[in-house]
């Protein structure tokens, strides 16, 4: 299942470390899609406790793929294996104590080199905030209302009409489903 954008930002904000790393070693890729252990030297520290400083060596796992068709449909955080090589730079949110750390969810990305400011911010942009608000509104327990219940009943009746050729079920189903469709289209604008 795909991770909601709000979970990404919560993982970034709660991570113990936010660093930029120069990769020095990349573990073997044994399958077309795999999680491999990488090791690197910390080049920039944006946030950390005293256990990680610039120059320290850290290791963590990242998702890499050799074949684009092999990537799980709903998973994020996959990087082409040809791009994960020693000498490349990565910005990553980590948990744990150096040298053996773990990524916070899949909060890592390749970057061109160390930078003064983070390339992978821990706070959402206004555009991302719109998506977070929408996701939370649609997934909250309060979002399932009587209108949704009626739409489900209407859908069942439409299905019944389709398989049994009952005109009354089609009419009732359409009456129940149509207002919810119109309401959702209007809300997305």
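The values are calculated or read from the model by the stated rules, or taken from the named source; none is laboratory data. Nothing here was measured: the structure is a model prediction, and the numbers come from that model. Using ideal geometry, Cβ is built from the backbone for each residue, glycine included, and neighbour counts are taken over all protein chains shown.
Among the candidates 167, 161, 151, 98, the residue that is under 30 Å from residue 28 (Cβ atoms), modelled with pLDDT under 90 and over 24 Å from the mean Cα position of the chain (by Cα) is uniquely 98. Against the conditions (1) closer than 16 Å to residue 11 by Cβ; (2) in contact with a helix residue (DSSP H, G or I) (Cβ under 8 Å, 6 or more places away or on another chain), residue 110 satisfies every one except (1).
List the residue pairs whose Cβ atoms are under 6 Å apart, where the first residue sits in the stretch 113-142 and is farther than 24 Å from residue 90 by Cα, the second is at pLDDT 75 or above and not in a helix (DSSP H, G or I), and the two are 6 or more positions apart or on different chains. From the stretch 113-142, no pairs qualify.
Among the residues of the stretch 74-85, is any more than 20 Å from residue 119 (Cβ to Cβ) and more than 20 Å from the chain's Cα centre (by Cα)? Scanning the stretch 74-85 turns up at least one residue that is more than 20 Å from residue 119 (Cβ to Cβ) and more than 20 Å from the chain's Cα centre (by Cα).
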